[in-house]
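Here the structure comes first, spelled out in structure tokens, and everything after it is commentary.
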Amino acid sequence: MKNNLKKIISFAVCFGVLFCLVISTAAYNNRDFEQNILSKGSKIESLYSKNTISNDIISSNSYKFESNNNPISSEIFCADPTAVEYNGRLYVYGTNDHQQYEKSGPDKNNSYEHIKSLVVYSTDDMVNWVYHGVINTKKIAPWIINSWAPSVVSRIENDGLTHFYLYFSNSGAGVGVLEATNPLGPWTDPLGKPLISSGMKGLEGCPYPFDPGVCIDENGQGWLTFGGGIDSYLPSPARIVKLGDDMLSFASDFKEIPAPYFLEASELNYINGTYVYTYNSDWSNHKTPWDYNCAAPSDCSMVYMTSKTPLDPDSWEMKGEYFKNPGFSGFDYSNNHTHFQKFKGNYYIFYHTLALRKSMGIEGGYRSLCVDKLDVDENSVTIESTGGTRRGVKAISSLDPFTTNLSMELSNTADVTFDTTDNTEPVVISDTAGAWISVKNVRFSGNDSQSDTSLLKPTVLTGINTISYDLTVTSVDKDTTITMYPSAKGADSCIGSASISGNGRYTITCDLGGATMIQNLGYFRASDDAKVTFKLNKITINDEYIMEVDSKLSNTNEWGDGLKNIWSGLGDGDEVYSCDTAVLKYIKSDDAIELFTVDKALLPTPDDVVIENLKFLANVKGSGRIEVRLDQKDGELLTSIDFENLNQFTSVFTNKVSPISGKHDLYFVFSNKDIAFKLWQFTDEELIADPVTTEPDTSEVLMGDINGDGIITTADVGLANSHAKGVKLLSGERFNLADINKDGKITTADVGRINSYAKGIQKYS
């Protein structure tokens, strides 16, 4: 394994310098394990105890099924995605529905009027996501009405820097643009006004010039699409314009794109010399009229058109639907907005659903970002039509536990909040005892090729021996018995029951005797006329294949309230429920649901190299314990780490880690409220903890002491220089300490002054 640690590290020397790990793989690179001085009387404890956090207090308030990868976030509402790649990471931006949610409340309709910021995520593996916080568009551009539906591109400019251009809807009144030299900002308003506004010359027939879609072609030429506002077949309010060299002006007139049944959500891509325009069709019946050599799109679906000469309206060729409304895929119906992106050799489609809202049990129309694979033929420039899934995409790489990792790089959460003051190193904070976060595909041994099943598809027809129902009773008026009734085709009853004595978690198992064809996955009955409501969390087939159901059932509708069965309007080959290695499909010729699995002979052999004598390090603030568990929130304990009375971020470690091999999901479970967790790492290097012997005088702020260790050293010089060069940006108090001349900027002048202090060339004053 690769380690970047020195053999002996002093954890709490009097100047408080613990150690520094430097990596350079992303825009938020150069992450450090920092040691700030402990307050007087506090101590570091690195303990491993059998007295683990009780499973009874571990939170169940996760609104994302743990085996699924959609939505991207289980905490933050976000919609209308766009994305850009930079230094091996994918940065995704979207409309900040969460701002509206916080203003209006959970059950108010999402009217979008309070949204004046944009959300930022990033990933390098497509399943673990860093939430970087928001871009405060109202602060950057005070003239805005709202900020919705961003679209972003990047280009290396004459100054040698990569410039990012972020276009956004200024409500429905036009388009604004922000600029930065880093995908995390800081962002500026280069125009001081909208780029496009209603009523501009050439926008006749386009009353709402919003929802921008930008691309840069192979010649470095920028193009922008937008539009909205006419409920008709044709003409279309969709528009395209050639951008000037500065990406902030126009090099052509506005031209119509003849997009039939156009509603909104313009996007533009460039593939193999062809411009690919996508938009959201309206809610009307699209079959009459329809004058194209392809099927008419379904209601409120995403449609694409292609052209090699985009300013010529007659050049656009209709290709048809490529992404159905999420309502056709088992989600609630909502508006539709997509972005497709090539990343590390694969195409992905980003979109939003109401899945998180539904899991939270709220009524407001708050949306959540999702992502799935997209099949694109670059030679013919054709896109295979698809729909959204809860399962999402598979990881394209494993996470390395032997480098410094952000706690915010995660897949799922329960009862946590986030501090994004420093958007390069955001922090997870526990909101309750028993809160947790998880990260997927952490590889301790082996390699990705040994465990990659992404190319394997379930193709083997497999008999169903048992179906187990995992359910949570939320309301029952008396003791009762719940009986589930799945049905093998042509067989007698295959029932299973459980005695219910109140709210809580229950399991019901039914024997289907190896059936290859089933007519329904089950309905239920409750005895003694009991009134009962429960959430069906998942089904497990043959004690092996775990599939999300996530449906609410009540005996006001015994016949499959939320369960998919053969009478649920399924089409031939439609996926009913699935997991990574199995899928239930409806087969029309058999009029039955059938189980298909991956050929086990094709599955990779698990890696059996066991890693021993590991240490676990964490950068934390607060008091309590963090337990690291394997594969489930209540899974096997890998290690634990204790700390107390920490008033600042401090790095602690434990040398008690269970032997481990292969690849796992990790769950970090918090014992207490208000534990702040920033960084973590495993290592086999020797670590030595020394006690704190002195406490610096903090009665006076020491300008230039950016890392807060009580003295000005070359380490502070490096931090200031990194900001000045745009490598790693400082924020908050760190920014203030580096801005020696107090001009609101950190420049080479500040770096030079701090360097003079550090080397003793200039006396500090």
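Since every read-out is calculated from the coordinates, none of them should be taken as a lab result. The structure presented is a predicted model; accordingly, all values stated were derived computationally and were not measured. Note that we place each Cβ from the backbone using ideal geometry, even for glycine, and neighbour counts take in every protein chain shown.
Descriptive notes on the structure:
- Between the C-alpha center of the range 74-104 and that of the range 658-675 there is a gap of 27 Å.
- Within the range 114-152: backbone nitrogen closer than 20 Å to the Asn87 label point (7 Å, Cα to C-beta): 120-135, 152
- Computed magnitude of the charge dipole of the chain (debye, nearest 20; Cβ of K, R +1, Cβ of D, E -1): 980 debye
- Net charge over other residues, Cβ less than 13 angstrom from the Cβ of Tyr347 (K, R count +1; D, E count -1): -3
- Here the 3J(HN,Hα) profile of the range 362-367, calculated from phi with Karplus coefficients 6.51, -1.76 and 1.60 at θ = phi - 60°, is 10, 9, x, x, 8, 9 Hz, Gly and Pro shown as x.
- Added length on full extension, which subtracts the Cα-Cα distance from 0.36 nm per residue, Asp591 to Asp291: 104.5 nm
- Burial order of peptide ranges 173-186, 740-753 (average beta-carbon count within 10 Å, highest first): 173-186, 740-753
- Using the Karplus relation 6.51 cos²θ - 1.76 cosθ + 1.60 with θ = phi - 60°, the per-residue 3J(HN,Hα) values for the range 71-76 come to x, 4, 10, 8, 10, 10 Hz, with x marking Gly and Pro.
- Averaging Cα coordinates gives a centre for the range 376-415 and one for the range 267-288; these two points are 24 Å apart.
- Sorted largest first, the spans of the alpha carbon positions of the range 460-602 along the three principal axes are 48, 28, 25 Å.
- A Förster radius of 51 Å combined with the Cβ-Cβ distance from Lys242 to Ser658 puts the calculated FRET efficiency at roughly 0.25.
- Span per principal axis, largest first, for the Cα atoms of the chain (Å): 88, 71, 49
- With the charge dipole of the chain set up from +1 on Lys and Arg Cβ and -1 on Asp and Glu Cβ about the Cα centre, the Cα lying farthest toward the positive end among the listed residues Trp143, Gly463, Cys510 is that of Trp143.
- Interchain or long-range residues, amide H under 5 Å from Ile500's placed H: Thr480, Thr481, Ile482
- Loop sites in the range 111-174: chymotrypsin sites (Phe, Trp or Tyr not before Pro), DSSP, at most 14 other Cβ within 10 Å: Trp143
- Taking the inverse of the mean 1/r over every pair of distinct Cα atoms in the range 525-646 gives a Kirkwood hydrodynamic radius of 19.2 Å.
- Contact order relative to length of the chain, as percent, for alpha carbon pairs under 8 angstrom and 6 or more apart: 14 percent
- Put simply, the amide H of Arg367, placed in the peptide plane, has neighbours under 5 Å in Cys78, leaving out anything fewer than 5 places away on its chain.
- Placing dummy labels 7 Å off each Cα toward the beta-carbon, the span from Ile495 to Ser397 is 5.5 nm.
- Taking only alpha carbon atoms, the range 79-383 gives an Rg to Rh ratio of 0.93, where Rh is the Kirkwood radius.
- Converting the Cα gyration tensor eigenvalues of the range 62-167 into ellipsoid dimensions via √(5λ) gives semi-axes, longest first, of 25, 21, 9 Å.
- 10 Å beta-carbon shell around Ser731, net charge (K/R +1, D/E -1): -2
- The range 460-602: relative contact order in percent, alpha carbon pairs under 8 Å with at least 6 residues between: 26 percent
- Alpha carbon Rg of the range 213-314, scaled by the compact-globule rule 2.2 N^0.38 Å: 1.08
- Taken along its three principal axes, the alpha carbon spread of the range 242-386 comes to 49, 38, 31 Å, from the longest extent down to the shortest.
- Put a plus charge on the Cβ of each Lys and Arg, a minus charge on the Cβ of each Asp and Glu, and nothing anywhere else: the dipole of the range 79-383 about its Cα centre is then about 600 debye.
- 13 Å beta-carbon shell around Ser73, net charge (K/R +1, D/E -1): 0
- Stretchable slack from Glu157 to Lys342, in nm (0.36 nm times residue separation minus alpha-carbon distance): 64.4 nm
- For the range 472-559, the list of chymotrypsin sites (Phe, Trp or Tyr not before Pro) that fall in a loop by DSSP and count at most 15 other C-beta atoms within 10 angstrom reads Trp559.
- 3J(HN,Hα) couplings calculated from phi for the range 741-756 with the Karplus curve 6.51 cos²θ - 1.76 cosθ + 1.60 (θ = phi - 60°) are, in sequence order, 8, 6, 9, x, 9, 10, 10, 4, 5, 5, 4, x, 5, 5, 4, 5 Hz; Gly and Pro show x.
- Scanning residues 5 or more positions from Val532 or on other chains, those with amide H under 5 Å from its amide H are Asn555, with H placed 1.01 Å from N in the peptide plane.
- The distance linking the range 179-216 with the range 310-340 is 22 Å (Cα centroid to Cα centroid, whole angstrom).
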